[in-house]
Amino acid sequence: MRERSGGSRLQSPRYLVLYALAAAGGSAAYAPLLTLFLPVYATDVWGGEGIVVLSYAAFVGAIAASLGNIAFGWASDVTGTRRPWIVAGLILSSVLLTLLFRIESVPLFLAAIAAWQVALNMMLGPLFAWAGDCVPDEQKGTLGGLLAVAPATGALTGVLLTVPDLASPQMRLILNAGLVAVMVLPVVVFGRPRAMPQLMASSAEDETRQPIVAGDPAYPADRAPVARMWMVRLLIQIAEAALFAFLLLWFRTLDASVTDNRVAQLFTVVLFTCVPLALIVGRWSDSTRRPRLPLTITAAGAAIGLAMLTFAQDITAGIAGYVVFAIMAGVFLSLHASQTLRVLPRPATRGRDLGIFNLTNTVPSLIMPWLVLALIPMFGFQALFALLACFAALACILLATMRKF
């Protein structure tokens, strides 16, 4: 956490770029496995029962990831350092990743998935908290723009590793682990961030503080911004998770000729489109010191895209609505990830608190299936899209009416 003495008001560009590369490595560590490798492996090994195994794996993995992120974020708070946890999580998760496809027992496979998720979050929890220690508010918009590279890199890694005849399923996992190490290790070894004492100002005192006292700056009385930032991300993430899981099925109700490859290409194009847009918007929010406005506008844009999906009657309108939603939501989530660091109240528990924020990434996997089962069989996809549009609109309202941020 306290990597260097001295300091500057702004963090070095080298650290920001290497940190963004490491965040991209974090996405590459799980996106190809969860979206491409696991479904194929489950089908090959368990046949018709593969979808059941995948459902259990998703449920168990989401719980393990949630607990692991909070636990190791908190552990890095307590120990006062992030980098050893990042390296240990990288090594352990890489080893477990390469062993997954050697297991054919369902109980052991689920246990291995849980262990891998815990190890992965040993790396991810401290990694994301490290940005809070090192990146000042004046650069959080820029950081958010750089973080847009992460999901695009995860998608691109999956494309590269699934090139026909490139490697066997087992070798793909080994190559995947190697690529992740190449992306994560540079910031650990060469990042050398400038110290930001203003970001750690209250951490030395937190251990001895009493419960909240009125006027104590380390314990702000108004926690509303924290709760609102948590809720708005959850609302957008639920919508994104639902579309990611069921977009192909819906497209095929509009046009039976739509292929999975066409949808995969659409996902990739949208993710890469988000990168320059998020960078431009993030830099603008830094220069104008208006961090909330881009979040409010992109949440509104996501709601508009979902409304377009609600009324779409053909594949062209459906794709247009999805593109609007996905670009707006992608920029929103990237900027939100960095701007969240503004509202966390205690530097000494930053890792733990970010772990709690990370629940907005895992809880949607537990909520979304129930929404789908409740709405689609009786009312169709349009009812689901209408509800998700309401979620995004509510996120926009919550942001627009925030008094402090």
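So here's what we get for this one:
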| read-out | value |
| --- | --- |
| Proximal charge balance of Phe332 [Cβ under 10 Å; K/R count +1, D/E count -1] | 0 |
| Equivalent ellipsoid semi-axes, region 283-401, via Cα gyration tensor eigenvalues times 5, rooted, Å | 29, 19, 11 |
| GNM result for the chain, Cα springs below 10 Å: residue of Gly47, Gly305, Gly144 fluctuating most strongly | Gly47 |
| Efficiency of FRET between Ser105 and Val269 - r from beta-carbon atoms, R0 45 angstrom, step 0.05 | 0.70 |
| Shape category assigned to the chain from the gyration tensor of Cα positions, a/c cut at 1.5 | oblate |
| Simple label model, 7 Å out from Cα along Cβ direction - Val182 to Gln198, nm | 3.8 |
| Label point distance in nm, Arg252-Trp370, each placed 7 Å from Cα along Cα→Cβ | 2.8 |
| Three-way shape call for region 123-170 based on the alpha-carbon gyration tensor, with the a/c threshold at 1.5 | oblate |
| Whole-number D in µm²/s for region 1-137 (Stokes-Einstein; Kirkwood sum over Cα pairs; 4 °C, 1.567 mPa s) | 80 |
| In nm, spacing of pseudo-spin labels at Leu166 and Trp46 (7 Å Cα→C-beta vector) | 2.7 |
| MRE, 222 nm, helices only [DSSP H, n ≥ 4, -39500 (n - 2.57), over the chain, to nearest 500] | -26000 deg cm²/dmol |
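Computed from the coordinates by the stated procedures, all read-outs in this text should not be read as laboratory data. Just so it is clear, the structure is predicted and the values come from calculations on it, not from any experiment. We place every Cβ from the backbone using ideal geometry, glycine too, and count neighbours over all the protein chains shown.
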